[in-house]
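Taking it in order: structure first as structure tokens, then the write-up.
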Amino acid sequence: MNSRSLRRFILSVLLLAAINPLRSEQPPLHSHREFKIGVLASLTGSGNSLGQDTVAALQIATDQLDAEAKANQGGYRFHLFVRDTQQDPVKALAAIKDLDKRGVQIIVGPQTSAEVAMIKPFADAHNILVISQGSTASSLAIAGDNIFRFCPNDKREAAAIVALMQHDGIHAIVPLWRNDAGNNGLHDSVKAAFENIGGTVTSGFQYQPTTTDFSAATASVASQIQSLVTAGADPNSIAIYLAAFDEAVGVFHSAAANFTLSSARWYGSDGVALSAALTGDASASAFAASAYYPNPTFGLDDALQNLWQPVANAIEARTGITPDAFALSAYDALFVVERALRVTGNLKDFSSFKSAFVDAANAYSGVTGSTALDTAGDRLSADFDFWAVRQVNGTFSWVRIGTYTNGTITLF
């Protein structure tokens, strides 16, 4: 039985197993074939959808690799050390320092670029390899550092959402975005890409991560739309671009009372795509559904559905949340780590392991497809799915409404 067939068999067995809560940390490891993996994820508060799915994905991957190691009387085993960062860069830095004291040299996460930017100097200085499944800021695309990102950066996401805007006949956008590294990067890349096709981008409104009252933000956006209309723009050609996280719920609560904002088309970002917080709020969901509001996110290849669907089902069985490619890329990441360890055997020579990791990533094709990296350590593949909130059988749910593949928009 080859390794892929063995993995499918093991996964089928795991799918029949009881659903387990987060496992506690294991006692100190003694076998030279056992390694500690730190996990920085948002498990409570904003972003917990991806955080919970990431942990579940890594648990499943850990169980599979453990079963494969036992079946083959070899291989490598992993124990997860999970830390809830709540998308807080300060908490992420405290967590990586704690994990360093515990001898952890490999970390999956954190999800956001603001967290990655905060922990990067420490990771570089302490020989810690960081694999982020969600950071997209192109400002963090730095060759030679210890940060690797298994998702496309914001320039690729901007190309996707701007192509959709162009397809939809949008000629002017008013941006509304959260002030953090990832969303600032998205704003900058979308602005550049939209202006590059001759579109108009207003000054928009940037809000702080601590904002809970969005009245000033929505009033400013509405005013800028009115100014465009007064200047002669067709209202149907104006849209709002929102780069946010789960606080999009609060934005929509504020916008719902404004006719200008309720009448406009909205476009979103990967930070909200598949957010359980949004579909869990009836009034925000209703606004999102009426506002069009497609959100691009790193896409899964339909041709590989026989590989990723069983894993996605297993994740959702544990969390109740439909996973996206970001979460599934964390699953793939652990298999890449295991293949790098096959070459080096351990982490004593960090430089050798890091080189082996890059080689393994470039050669590996997992449930999310090729994990090949560019020269800055970011994922090369750049296809996207568009997800939007729609009412299905009386319930608001996320629905995939289109794709951006090889530069081509396809809507369903």
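The values are calculated or read from the model by the stated rules, or taken from the named source; none is laboratory data. Predicted model only: the values in this text are computed from it and were never measured. With ideal geometry, Cβ positions are generated from the backbone for all residues, glycine too; neighbour counts draw on all protein chains shown.
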Filtering region 161-188 down to residues that are closer than 15 Å to residue 199 by Cα and either among the basic types (Lys, Arg) or assigned to a helix (DSSP H, G or I) (or both) yields 161, 162, 163, 164, 165, 166, 167, 187, 188
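Please find, within region 182-203, the residue that is farthest from residue 250 (Cα to Cα) out of those that are small (Gly, Ala, Ser) and buried (at least 21 other Cβ atoms within 10 Å of the Cβ).
193
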Could you look through region 92-112, keep only residues that are in contact with a helix residue (DSSP H, G or I) (Cβ under 8 Å, 6 or more places away or on another chain) and of a type in the set (D, E, K, R), and pick out the one that is farthest from residue 58 (Cα to Cα)?
97
Residue 317 is checked against (1) surrounded by fewer than 16 Cβ atoms within 10 Å (Cβ to Cβ); (2) more than 26 Å from residue 387 (Cβ to Cβ); (3) in contact with a helix residue (DSSP H, G or I) (Cβ under 9 Å, 6 or more places away or on another chain) and fails just one. What number does that condition carry?
(2)
Going through 278, 307 one at a time, which residue ends up being assigned by TED's automatic domain parsing to the domain that holds residue 59 and either in contact with a Lys or Arg (Cβ under 8 Å, 6 or more places away or on another chain) or assigned to a helix (DSSP H, G or I) (or both)?
307
Could you check, for region 338-357, whether at least one of its residues is basic (Lys, Arg) and touching a Ser or Thr at 6+ places or on another chain (Cβ under 9 Å)?
no
Checked 389, 337, 343 against criteria (in contact (Cβ under 8 Å) with a residue 60 or more places away in the chain and in the same structural domain as residue 47 (by TED's automatic domain parsing)); the one match is 337
Which one of 136, 200 is in the same structural domain as residue 84 (by TED's automatic domain parsing) and either of a type in the set (S, T, N, Q) or out of contact with any Cys (no Cβ under 7 Å at 6 or more places or on another chain) (or both)?
136
Can you say whether residue 296 is under 30 Å from residue 254 (Cα atoms) and either modelled with pLDDT of 95 or more or not in a helix (DSSP H, G or I) (or both), as far as the supplied structure shows?
yes
